[in-house]
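Undergrad: Have a look at this one before I ask anything.
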């Protein structure tokens, strides 16, 4: 077994949980066969964790070699070590507060014992103080807050005699102390952030034993969810700080490729999907007129689309049923919609299930109507038991996991009528459903636990190695010494020098350097990369050259031409400039139906691409005249200088 520590950080765990928590538990369960110690770290205060873990064990989601670490339980355990040797009064243990003009709220455990006391300012209704108690009633931790800004003022842990033991100015300080205490027990530690809440804790951890890993469970993009779309706010900080990670894991190759292209060609981006569970059996029989949805009841899942589509389905298939399994804030909204559409005999809100495999086994097919999915665990869970999926073809998971009309059915996003037709088709076409089922179950070969486990082990071992060779880059500069169209008119040649300045790449790490030409479209962001050849001229200077072939394939628009430098975890985009701040516009170059125009100046290089079409007519004669006049003006300006 691997002896280094592996820990997954998540805000909280519970019996009723979302896909991210379930994925973390399944991963821990899968890897307990490889590691002698798998830990799940949580940061909420929940006095009932012992019962939660017992229930998860009954459900087969918690096992030996899996250990739970909670930040408050850490301080409580440290507090009660010497408690049996002390005879304290209740007032000493609870450290009475001197606050005035406050009201109290109390949190009890399932045995009825006071475990948390919150003081709220009467005017602002903000928490100004929190006290945490051990089961015997002694205060082991306290947090104080500003009544208006809600900013943390002080955090204090207490000894059994009621005296302050350790003080922290910020929340991140006591969390960091907790994480470092765990790391001290191992020669090396892999610390993985499963959710965006724990990212800030991951980045703050500066212990030399810790290798930092983050997993992205969701699409990193906002609407319209394609390359160049704005980043989801909760993912933005993580993406911007990729260079501080030893490993960054996405669930599909296409998402990893998009992130590398847009934010830097680092080698620390990896791809590992969720494992397809090995079913106890694959049922050849099923309820032929039952469809299921397994999802959180949230807006991004667009469950009302399926309900509306089912109104059309039951007109053709009167015996059809749709079961919606999950939990969330929109449950009552779904029920009202079902009532309004008079579908109470056909669509059923079933709530949360601990036995997802059985839910999928009974269904003729499952349905997913999400706006966006990074993977969609429900897809592999459904397919692994032979239940095909009808799914909106959103990025990234559905189009990577489902082969249209072979292992499932993909629908254009938000096409409710198409969704209804697809459901009707599978209800009425039993042979097609059976063929899809036979192909769907093959998902197990690609995503079985053995394959996924081996991938995780490789990533963790690379991360431990990477933590000792992290690269930090400061600003570089690049000079263009040659850029011209080749006579073939199908290629653009480029030569230049890159100045690393104070960046020093150790000789043994130079083999990891990747230097590329990046051509980036200004509007409707798009990137084209061409890997460059290079040689080291000195410790701080590289000579590079390369060629953009098939240049006619570059689309109409204005493109910036930059260098992309990457080495291990670090990357940088560098603006190309001309030597001695010389500025000029190249003569135009035609390649088939495209017309190209290079702009080169002291600060940047750009490329304008024109195409003749019914929508875009280009007057070459006028263009040449304008170019000549503009060039004359530039010459006159330079002469004046």
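Undergrad: Hand me the list of helices (runs of 4 or more DSSP H) wholly inside region 323-428 holding 1 or more residues that are farther than 30 Å from residue 257 by Cα, in contact with a helix residue (DSSP H, G or I) (Cβ under 6 Å, 6 or more places away or on another chain) and at pLDDT 95 or above. Steps first, answer last, please.
TA: Details: elements: 331-340, 356-362, 377-384, 397-401, 416-428.
Passing ranges, in order: 331-340, 356-362, 416-428.
Undergrad: Has region 522-532 got any residue that is touching a strand residue (DSSP E or B) at 6+ places or on another chain (Cβ under 6 Å), without any contact (Cβ under 8 Å) to a residue 40 or more places away in the chain, assigned to a strand (DSSP E or B) and over 29 Å from residue 230 (Cβ atoms)?
TA: For region 522-532, residues touching a strand residue (DSSP E or B) at 6+ places or on another chain (Cβ under 6 Å), without any contact (Cβ under 8 Å) to a residue 40 or more places away in the chain, assigned to a strand (DSSP E or B) and over 29 Å from residue 230 (Cβ atoms): absent.
Undergrad: Then there is this: Got at least one residue in region 215-232 being modelled with pLDDT of 95 or more and more than 25 Å from residue 414 (Cβ to Cβ)?
TA: Checked region 215-232: at least one residue is modelled with pLDDT of 95 or more and more than 25 Å from residue 414 (Cβ to Cβ).
Undergrad: Can you tell me which residue within region 305-322, out of those that are assigned to a helix (DSSP H, G or I) and in contact with a strand residue (DSSP E or B) (Cβ under 7 Å, 6 or more places away or on another chain), is surrounded by the fewest Cβ atoms within 10 Å (Cβ to Cβ)? Don't jump to the end; show me each part of the working.
TA: Quick first cut of region 305-322, residues assigned to a helix (DSSP H, G or I) only: 305-316.
Keeping just the survivors that are in contact with a strand residue (DSSP E or B) (Cβ under 7 Å, 6 or more places away or on another chain) gives 306-307, 310.
Details: 306: 26, 307: 23, 310: 25.
Per the criteria, the residue is 307.
Undergrad: So, in region 323-350, of the ones that are in contact (Cβ under 8 Å) with a residue 40 or more places away in the chain and closer than 22 Å to residue 426 by Cα, which residue ends up surrounded by the fewest Cβ atoms within 10 Å (Cβ to Cβ)? I'd like the intermediate steps shown before the answer.
TA: Taking region 323-350 and keeping what is in contact (Cβ under 8 Å) with a residue 40 or more places away in the chain, we get 323, 327, 347.
With the extra rule that they be closer than 22 Å to residue 426 by Cα, the set shrinks to 323, 347.
Working: 323: 19, 347: 26.
Step by step, filter region 323-350, then rank; the result is 323.
Undergrad: A further question follows. Among the residues of region 136-150, what is the count of those that are touching a residue at least 40 places away in the same chain (Cβ under 8 Å), surrounded by fewer than 22 Cβ atoms within 10 Å (Cβ to Cβ) and outside any strand (DSSP E or B)?
TA: Qualifying residue count for the region: 2.
Undergrad: In region 353-364, how many are surrounded by fewer than 20 Cβ atoms within 10 Å (Cβ to Cβ) and touching a strand residue (DSSP E or B) at 6+ places or on another chain (Cβ under 7 Å)? Even if it seems obvious, please write down each step before you answer.
TA: If we filter region 353-364 for residues that are surrounded by fewer than 20 Cβ atoms within 10 Å (Cβ to Cβ), which is where we start, we get 353-358, 362.
Within this subset, residues satisfying the condition of being touching a strand residue (DSSP E or B) at 6+ places or on another chain (Cβ under 7 Å) are 353, 356, 362.
Count: 3.
Undergrad: OK, next. For region 215-243, which positions are surrounded by 17 or more Cβ atoms within 10 Å (Cβ to Cβ), out of contact with any strand residue (DSSP E or B) (no Cβ under 7 Å at 6 or more places or on another chain) and part of a helix (DSSP H, G or I)?
TA: 235
Undergrad: List pairs: first residue in region 240-255 and farther than 18 Å from residue 465 by Cβ, second residue outside any loop (DSSP other than H, G, I, E, B) and modelled with pLDDT under 95 anywhere in the structure, Cβ distance under 7 angstrom, at least six positions apart or on different chains.
TA: Listed pairs, sorted by first residue: 251/397; 252/396; 252/397; 252/400; 254/396; 254/400; 255/396.
The values are calculated or read from the model by the stated rules, or taken from the named source; none is laboratory data. This one's a predicted model, so the numbers in the text were calculated from it and none came from an experiment. Positions of Cβ are generated from backbone atoms using ideal geometry, with glycine treated the same way; all protein chains shown enter the neighbour counts.
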